[in-house]
Amino acid sequence: MKQHNLITVRKATRDDVPRILDMIKALAEYEKLRDEVVATEETLEEWIFDKKMATVLLADYEGEPAAFALYFTNFSTFMGRAGLYLEDLFVKEEYRGKGIGGTILKMLAKIAKDEGYGRFEWICLDWNKPSIDYYLDIGAIAMDEWTVYRMDRKRLSEFAEE
């Protein structure tokens with residue numbers, strides 16, 4: 001657990017699954033993607049806590065739920081070592097500008113450093129200018145030459161069977 005003035009950040013436990021799902025739904029609302037959320041408490045519990053495929057940090061501000069981050073490791077073939085990949089970082093609107101996001105990012109950077117990971121990376125929606133500006137200010141480098149490709153579950157199933 002990390003405490004920074006009024007901010008407390010800790011790793012989520014199995015008991016936090018309902019809160020994690022609420023945060024995911026709030027993030028989806030912010031990104032105007034609410035209809036795409038199919039996660040349930042059961043799937044989150046299975047994939048995060050049973051299969052240990054991701055870790056969630058929860059942040060409180062003055063004891064109130066304010067933010068979450070979900071991350072996992074990836075692997076760089078060129079470096080021959082793992083990296084830390086931040087899938088989502090979301091701060092509720094009423095808590096933005098209070099240093100919560102920065103506190104979480106520093107905590108994740110420390111985890112990556114302490115574990116010997118080769119890098120720490122994430123993606124950001126191109127319309128999220130406040131976040132992009134912040135990331136550039138802290139020294140993150142935009143990987144503009146890379147394009148993300150994705151297959152959803154439906155296409156993945158079709159492609160696997162072709």
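Residues in the stretch 46-66 that are charged (D, E, K, R) and either in contact with a strand residue (DSSP E or B) (Cβ under 8 Å, 6 or more places away or on another chain) or more than 19 Å from Leu108 (Cβ to Cβ) (or both): Glu46, Asp50, Lys51, Asp60, Glu62, Glu64.
Going through the stretch 116-162 one residue at a time, which ones are assigned to a helix (DSSP H, G or I) and within 20 Å of Asp88 (Cβ to Cβ)? The answer is Lys129, Pro130, Ser131, Ile132, Asp133, Tyr134, Tyr135, Leu136, Arg153.
Does the stretch 38-50 include one or more residues that are aromatic (Phe, Trp, Tyr), more than 23 Å from Ser131 (Cβ to Cβ) and in contact with a Lys or Arg (Cβ under 6 Å, 6 or more places away or on another chain)?
Start the filter on the stretch 38-50 by keeping residues that are aromatic (Phe, Trp, Tyr), which leaves 47, 49.
Within this subset, residues satisfying the condition of being more than 23 Å from Ser131 (Cβ to Cβ) are 47, 49.
Retained after the next criterion (residues that are in contact with a Lys or Arg (Cβ under 6 Å, 6 or more places away or on another chain)): 49.
Yes, the stretch 38-50 contains a residue that is aromatic (Phe, Trp, Tyr), more than 23 Å from Ser131 (Cβ to Cβ) and in contact with a Lys or Arg (Cβ under 6 Å, 6 or more places away or on another chain).
Listed by first and then second residue, the pairs with beta-carbon distance under 9 Å, at least 6 apart or on different chains, first residue in the stretch 115-143 and on the phi > 0 side of the Ramachandran plot, second outside any loop (DSSP other than H, G, I, E, B) and charged (D, E, K, R), are Gly116/Arg81. Exactly one residue out of Glu121, Glu145 is of a type outside the set (S, T, N, Q) and closer than 24 Å to Lys11 by Cα: that is Glu121. Highlighted here are the strands (runs of 3 or more DSSP E) found entirely within the stretch 1-102 that include at least 3 residues which are touching a Leu at 6+ places or on another chain (Cβ under 8 Å): 7-11, 55-61, 64-76, 81-91.
Is it the case that the stretch 50-57 has a residue that's without any contact (Cβ under 8 Å) to a residue 60 or more places away in the chain, surrounded by 13 or more Cβ atoms within 10 Å (Cβ to Cβ) and either of a type in the set (Phe, Trp, Tyr) or farther than 22 Å from Phe120 by Cα (or both)? Within the stretch 50-57 (the criterion being without any contact (Cβ under 8 Å) to a residue 60 or more places away in the chain, surrounded by 13 or more Cβ atoms within 10 Å (Cβ to Cβ) and either of a type in the set (Phe, Trp, Tyr) or farther than 22 Å from Phe120 by Cα (or both)), the answer is no, since none of the residues qualifies. Among the conditions (1) surrounded by 15 or more Cβ atoms within 10 Å (Cβ to Cβ); (2) charged (D, E, K, R); (3) over 18 Å from the mean Cα position of the chain (by Cα), Asp60 misses just one, which is (3). If I filter the stretch 28-35 for residues that are among the small types (Gly, Ala, Ser) and without any contact (Cβ under 8 Å) to a residue 12 or more places away in the chain, do I get at least one hit? Yes, there is a match, as at least one residue in the stretch 28-35 is among the small types (Gly, Ala, Ser) and without any contact (Cβ under 8 Å) to a residue 12 or more places away in the chain.
The numbers here are math on the coordinates, done by the rules we state, and not lab data. As the structure is a prediction and not an experimental result, all values here were calculated from the model. Heads up, the Cβs are rebuilt from the backbone with ideal geometry, glycines too, and the neighbour counts pull from every protein chain shown.
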